[in-house]
């Protein structure tokens, strides 16, 4: 099977540290909800880490009798509040993950 060519994500040198401008905007918003416009501006250009999980789609059994993944899909987990509101977890750094 030929190797797959994975395109450059644009974050090859990312070490997982938080964006300083986004961290400052989050701190300002935590202290004063009126700072939301600045937070949204900082979020627009920031890198966020979004969890992705694999969901098994099809299983095959090999000649050795062992079952293995034949195909799977990718999905993002969501959080649901008691009132039904849904949210996508997003993290600003590896430390916050």
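Please state which one of 45, 38, 83 is at pLDDT 95 or above and loosely packed, with under 10 Cβ neighbours inside 10 Å. If you could, list the steps in order and put the result at the bottom.
Working: 45 fails: at pLDDT 95 or above; 38 fails: loosely packed, with under 10 Cβ neighbours inside 10 Å.
Unique residue meeting the criteria: 83.
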_Number of the condition not met by residue 42 [criteria: (1) within 18 Å of the chain's Cα centre (by Cα); (2) outside any loop (DSSP other than H, G, I, E, B); (3) without any contact (Cβ under 8 Å) to a residue 12 or more places away in the chain]_ = (3)
*Looking at (1) in a loop (DSSP other than H, G, I, E, B); (2) touching a helix residue (DSSP H, G or I) at 6+ places or on another chain (Cβ under 7 Å), which is the one condition that is false for residue 47?*
(2)
*Hey, can you tell me all the residues within the range 18-35 that are under 13 Å from residue 93 (Cα atoms) and surrounded by fewer than 12 Cβ atoms within 10 Å (Cβ to Cβ)?*
20
*Looking only at residues in the range 57-72 that are modelled with pLDDT of 85 or more and surrounded by 10 or more Cβ atoms within 10 Å (Cβ to Cβ), which one is nearest to residue 23 (Cα to Cα)?*
60
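Can you pull out the residues in the range 45-65 that are under 25 Å from the mean Cα position of the chain (by Cα) and farther than 30 Å from residue 92 by Cβ? Please lay out each step first, then the result.
First, pick out the residues of the range 45-65 that are under 25 Å from the mean Cα position of the chain (by Cα): 45-58.
Within the range 45-65, 56, 57, 58 meet the criteria.
The values are calculated or read from the model by the stated rules, or taken from the named source; none is laboratory data. Note that the structure is predicted; figures quoted are calculated from it, not measured. So basically every Cβ, Gly included, is an ideal-geometry build from the backbone, and we count neighbours across all protein chains shown.
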